[in-house]
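What follows is a set of notes on a single structure, which appears directly below.
The values are calculated or read from the model by the stated rules, or taken from the named source; none is laboratory data. Computed from a prediction, not measured in an experiment: that's the story for all the values here. Cβ placement follows ideal geometry from the backbone for every residue including glycine, while neighbour counts extend to all protein chains displayed.
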Amino acid sequence: MNNEWWQDVNDSIDKGLVHSIHTSERLSHRGCLRRHNYVFNQGYYPLTTPHYFEFGIAFHKGMQELYDPRTWNDRETATALALMAFKTSVKEQRQRYLELNSFAEPDPEKMAQYEDQITLGLGMLRYYASQVLPYYDQGFTPIGVEVPFEVPILDPQGQPTYCKCKLCWRRQVRYWQGLDQSAHVESIQELTGDPEKDRLFCTPWKGLPLTYGGRIDMLAVDTEGHYWIWDWKTTIRVFTAEPGSEDDFMLLDDQITSYCWAIDLLGRLNGGHIPVAGFVYAELKKGYPLEPEPLKSMRLGRRFSVNKQQDTDYETYQRIVSQNDPQAYEDGLYEEFLQYLHNEGPVYHKRSQISRNGFELYNAGVNIWLEALDIIDPNKRIYPSPGRFACQTCAYKAPCLAQNRGEDFQYMLDSMYEKRAYKYWENVELSTDKRSRG
């Protein structure tokens, strides 16, 4: 790859002088151009009320500790740190909520939910650390957790793309102001707000590099030296990812595919090769299997219940009954229930390992480039994309309706939303919760 430009672009990345596109912006742009314009071009964000407890954020903190490369070979220490990280995150969230809502009395119902969620999170982490991680992760070694990346978006000829939008121009001017006031003071005073005219007062400006950014939950290497992008999700229902099923969307998931492309590109830009093989989609149900309690009295020769409403799974139930009711287990009295748990019982975790070849990664890069050109196109036509379900949950429904009716939607944006000069991902906490990602 001819990357003589890479040092200059990398310097721009280090200085924050880039037009960065993330997965969330891609999804927003695909969903509704008007909403995308409100958020990513005009910078209007909903005034949200802090939640008492964001489960996904706290659980994500725990998973980081479980897979921290520094303690990977000391599972006992990693588990203790994971539990501590979860509890610390919960405490910090609660304290922040109380500080922002000091005028209100604590809601007893919220307090009860809060305690339940703490119990749930700690139970999930203990279960995962003791029953999942030791058996399912033997072929992987973590390289890093919370791995950020920012890579240039290249055209099909392998050359960088530059953006000259108003947001990029303003970012460049702010940098000039902070870096060297004396060199540009006259031209800055004469700025008109029109990028085309403003460039007349300065040296030729090619724009800011167009980049793709994100953060990987975990980067791991397998026993053959192949790298895998890991993504953790907490969910109500665990997917299957079997070809032909309703959950096989993971085979086409371009978010994590784009992460594979980004890591592969970084290796090539730096003169090396990172053998990225694909991604691991690690889903965790919001729950954990409980050990069955022995019955008060024997029933049909069994010491344990075979009620299908139990919160347990095949491995847990089999281990307990084989150890504590060995005769009934050997006689096959639990066979029917174990068969049910194996085929139809609750699923608390799922690993989907999806491979990506070099052609797929190349296509991902080209698709990102094409999509990025659409996103930054100054002549792009802005119009809404109404949908029965999308509009129900859209945070911009009110100003959108006002704009449709010819009402003062701008006043609604200015009064009901927070105007930001930065993108949300520049200071947002990450979560394993599917509804909070991308």
Strands (runs of 3 or more DSSP E) lying entirely in region 271-318 (those with 2 or more residues that are hydrophobic (A, V, I, L, M, F, W, C)): 276-285, 294-299
Flag if Val280 is modelled with pLDDT of 85 or more, buried (at least 19 other Cβ atoms within 10 Å of the Cβ) and more than 17 Å from the chain's Cα centre (by Cα): no
Test: residue in region 302-313 that is of a type in the set (Val, Ile, Thr), under 24 Å from Tyr135 (Cα atoms), at pLDDT below 95 and outside the structural domain of Pro134 (by TED's automatic domain parsing): yes
Count - residues of region 247-281 that are among the hydrophobic types (A, V, I, L, M, F, W, C) and in contact with an Asp or Glu (Cβ under 7 Å, 6 or more places away or on another chain): 4
Selection count, region 220-245, where residues are among the polar types (S, T, N, Q) and either modelled with pLDDT of 70 or more or closer than 16 Å to Tyr128 by Cβ (or both): 3
Verdict on Ile57 being touching a helix residue (DSSP H, G or I) at 6+ places or on another chain (Cβ under 9 Å), closer than 27 Å to Ala262 by Cα and aliphatic (A, V, I, L, M): yes
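To keep it simple, each residue is scored yes or no on (1) within 28 Å of Lys397 (Cβ to Cβ); (2) touching a helix residue (DSSP H, G or I) at 6+ places or on another chain (Cβ under 6 Å); (3) surrounded by 19 or more Cβ atoms within 10 Å (Cβ to Cβ).
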| position | (1), (2), (3) |
| --- | --- |
| Gly16 | no, no, no |
| Glu25 | yes, yes, yes |
| Cys32 | yes, no, yes |
| His36 | yes, yes, yes |
| Tyr45 | yes, no, no |
| Arg70 | no, no, no |
| Ala85 | no, yes, yes |
Residues satisfying the stated conditions in region 388-409, i.e. without any contact (Cβ under 8 Å) to a residue 24 or more places away in the chain and not charged (D, E, K, R): Phe389, Cys391, Gln392, Thr393, Ala398, Leu401, Ala402, Asn404, Gly406, Phe409
